[in-house]
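The values are calculated or read from the model by the stated rules, or taken from the named source; none is laboratory data. Remember, predicted model here, so these are calculated numbers, not experimental data. Positions of Cβ are backbone-derived with ideal geometry, glycine not excepted, and every protein chain shown enters the neighbour counts. Just so you know, the surface numbers come from the protein's heavy atoms only, side chains and all, with ligands and any DNA or RNA stripped out. Shrake-Rupley method; radii C 1.70, N 1.55, O 1.52, S 1.80 Å.
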Amino acid sequence: MFAADAASKGLGIELLAVGDGSARLRMTVTAAMVNGHGIAHGGFVFLFADTAFACACNSRGPKTVASGADITFVTPAHEGDELLAVAEERTRFGRSGLYDVTVLRGETVVAEFRGRSRSIRDGASNAGGGE
């Protein structure tokens, strides 16, 4: 799934590790990702966390997409910052799951993301991201 993700690769996101229900990714904030306040645009931080969520929820094999997600921005990131996204499965129930992603700059938490997943059947339409 990640190998075919042109959006994430275009932003320089690197997959460091993936396991059953987990993933670790790295991204460096570039000048193109900074907003008018001089900080990383929240949309890029969300995309980064969403990519980690997608890798974690697809790690077991069934095609899985996002049914929803939210994010809390804790502290800003800046141009040149190297971010790490750590995704962990919290629970799966039926075809659904909950995943938490922490976005870090070193030891500092930049954002906390919670994603809700849904496994889909081949050929079914998907709800959006997280794939």
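Filtered by the rule that a residue be open to solvent by less than 50 Å² (accessible area, probe 1.4 Å) and charged (D, E, K, R), the stretch 44-63 gives a lone residue, D50.
The rows are residues; the columns are (1) open to solvent by 30 Å² or more (accessible area, probe 1.4 Å); (2) over 24 Å from I120 (Cα atoms).
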position: G10; (1), (2): yes, yes
position: M33; (1), (2): no, yes
position: G38; (1), (2): yes, yes
position: V65; (1), (2): no, no
position: G80; (1), (2): yes, yes
position: R90; (1), (2): yes, no
position: S96; (1), (2): no, no
position: Y99; (1), (2): no, no
position: R105; (1), (2): yes, yes
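Every condition in (1) within 27 Å of G36 (Cβ to Cβ); (2) modelled with pLDDT of 95 or more is met by G129 except one, and the failing one is (2). Candidates D100, D81, D50: the one that is of a type in the set (D, E) and more than 21 Å from G10 (Cβ to Cβ) is D100.
The set of residues in the stretch 29-50 that are of a type outside the set (A, V, I, L, M, F, W, C) and in contact with a Gly (Cβ under 9 Å, 6 or more places away or on another chain) comprises T30, N35, D50. Residues that are among the hydrophobic types (A, V, I, L, M, F, W, C) and farther than 22 Å from G12 by Cα were ranked within the stretch 67-78; the one that is surrounded by the most Cβ atoms within 10 Å (Cβ to Cβ) is A69.
Among the residues of the stretch 91-126, those that are part of a loop (DSSP other than H, G, I, E, B) and modelled with pLDDT of 95 or more comprise G106, E107.
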